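Note sheet for the following structure.
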Amino acid sequence: MANNNGSNNNNRGGKNGKGNFRGVLTLIAWALVLTVAFNYFNAYNRNAANKTSSHEIKYSDMITMIEKDQVDEVLFKDSTIYITPVDGYVYTEEVTSGGKTETKTYKQSEDSSLTLYTAYLSNAELLPLMKEHNVAYTGYYEAEMSPILMLMINYILPVIIMVGLFMLLMRLMSKSGGGGFGGIGSVGKSNAKVYMEKSTGVTFKDVAGQDEAKESLEEIIDFLHNPGKYTAIGAKLPKGALLVGSPGTGKTLLAKAVAG
């Protein structure tokens, strides 16, 4: 009996361990999904809020725009020059699609921002030219971030934080009787357990008398072992058997005999 109890405890411990491991995996999966979804919608909202259309032009075209007073501001960023045209400026672009060439126009206005960019070339005459035509210019340098660091900040760190919060929540729930990690995947499942002895060691020969009850129970057992013999004649298996009698008439012994 002690060995059986020990093995049962080990089995329950193993099941609890598997449940906790699955619970942690579930938390990590959900945290990763939420992190990816958050980053996606965040990027989508930024793009939706920013209605700027960006187009590449030649360096010589930028010089021409400055000379015609069509440039409002210039931004030097890394190895690229970003040009903001004056309000009312119209940029024309020819787009070829499916063998057809289509002309598209983009207008700089308060409702629709237009940004043009070109590669930075070392030109000593550029700054004096911009000063001459009252073009505002600024420089911007952004330190490059390691891809691994970006991955950690955007994905790994949020996952760790969310998993930590979930684990704290589950620990609080387990202390209050919520079931901890194992309860995550067992929502709607019954917590009832069935305890059944493998063999009672009792047979119908051990039951004295009660011939009619034994015969009925033997038929039920035979039905369970050979259902085809009974269903062929239209018989249906009863949903249960109720043993009725005064105390000491052998009800418990009959039940053990059925189990044996």
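The values are calculated or read from the model by the stated rules, or taken from the named source; none is laboratory data. Just so you know, these numbers come straight off a predicted model, no measurement behind them. Note that each Cβ is placed from the backbone with ideal geometry, even for glycine, and that neighbours are counted across all protein chains shown.
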- Query: When residues of region 223-245 are filtered for being more than 51 Å from the chain's Cα centre (by Cα) and closer than 16 Å to Ala257 by Cβ, how many remain?
  - Reply: 2
- Hey, does region 175-197 have a residue that's over 30 Å from Asn39 (Cβ atoms) and either in contact with a strand residue (DSSP E or B) (Cβ under 6 Å, 6 or more places away or on another chain) or at pLDDT 70 or above (or both)? yes
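One line per residue, one yes/no per condition, for (1) at pLDDT 85 or above; (2) loosely packed, with under 10 Cβ neighbours inside 10 Å:
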site: Thr103; (1), (2): yes, yes
site: Ala124; (1), (2): yes, yes
site: Lys131; (1), (2): yes, no
site: Tyr141; (1), (2): no, yes
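Checking the structure you have, find out if any residue of region 28-38 is under 30 Å from Ile160 (Cβ atoms), assigned to a helix (DSSP H, G or I), modelled with pLDDT of 75 or more and not hydrophobic (A, V, I, L, M, F, W, C).
The initial filter retains those residues of region 28-38 that are under 30 Å from Ile160 (Cβ atoms), namely 28-38.
With assigned to a helix (DSSP H, G or I) added as a condition, the list becomes 28-38.
Within this subset, residues satisfying the condition of being modelled with pLDDT of 75 or more are 28-38.
Adding the requirement that they be not hydrophobic (A, V, I, L, M, F, W, C) leaves 35.
Yes; the residues of region 28-38 include at least one that is under 30 Å from Ile160 (Cβ atoms), assigned to a helix (DSSP H, G or I), modelled with pLDDT of 75 or more and not hydrophobic (A, V, I, L, M, F, W, C).
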- Note on the structure: Going through region 135-168 in order, the residues found to be touching a residue at least 24 places away in the same chain (Cβ under 8 Å) and either assigned by TED's automatic domain parsing to the domain that holds Ile66 or within 30 Å of Met62 (Cβ to Cβ) (or both) are Val135, Ala136, Tyr137, Thr138, Gly139, Tyr140, Tyr141, Glu142
- Message: Return the residues of region 77-115 that are under 18 Å from Ser60 (Cβ atoms), in a strand (DSSP E or B) and out of contact with any Pro (no Cβ under 9 Å at 6 or more places or on another chain); say none if nothing qualifies.
- Response: Thr80, Ile81, Tyr82, Ile83, Pro85, Thr92, Glu93, Glu94
